[in-house]
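Q: Take a look at this one; I'll ask things after.
The values are calculated or read from the model by the stated rules, or taken from the named source; none is laboratory data. What you are looking at is a predicted structure, and each value in this text was computed from that prediction instead of being measured. Here Cβ is always computed from backbone atoms with ideal geometry, including for glycine, and neighbour counts include all displayed protein chains. Surface accessibility is based on the protein's heavy atoms, side chains included, excluding ligands, DNA and RNA. Shrake-Rupley method; radii C 1.70, N 1.55, O 1.52, S 1.80 Å.
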Amino acid sequence: MAKRRLRIVERRKNIPVLGVCEFCNAQFPIHQPWKGGQSEAQAQIQQQFNAHKCKLTDSSQNALRIVREATESK
Ligand SMILES: [Zn+2]
């Protein structure tokens, strides 16, 4: 599996509030960034990032969904 990387894309007052996976663009928002401060917010984003699974198959998934919708609507 290719390497994935976490990127912090939004900060408020130096506290990270939104991270994304550079590999699959999954987003990891912090809902209460003021609660634990900077290190806690960073840890929460890192945790979500570690737990997620990259979805690389956008086009094939879309194709699958279209097929499914087409068959379900019959
Ligand atoms: Zn990812």
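Q: Could you check how many residues of the stretch 11-59 are assigned to a helix (DSSP H, G or I) and in contact (Cβ under 8 Å) with a residue 12 or more places away in the chain?
A: 9
Q: Are any residues in the stretch 1-57 small (Gly, Ala, Ser), within 11 Å of the ligand (Cβ to nearest atom) and open to solvent by less than 40 Å² (accessible area, probe 1.4 Å), and if so, which ones?
A: 19, 26
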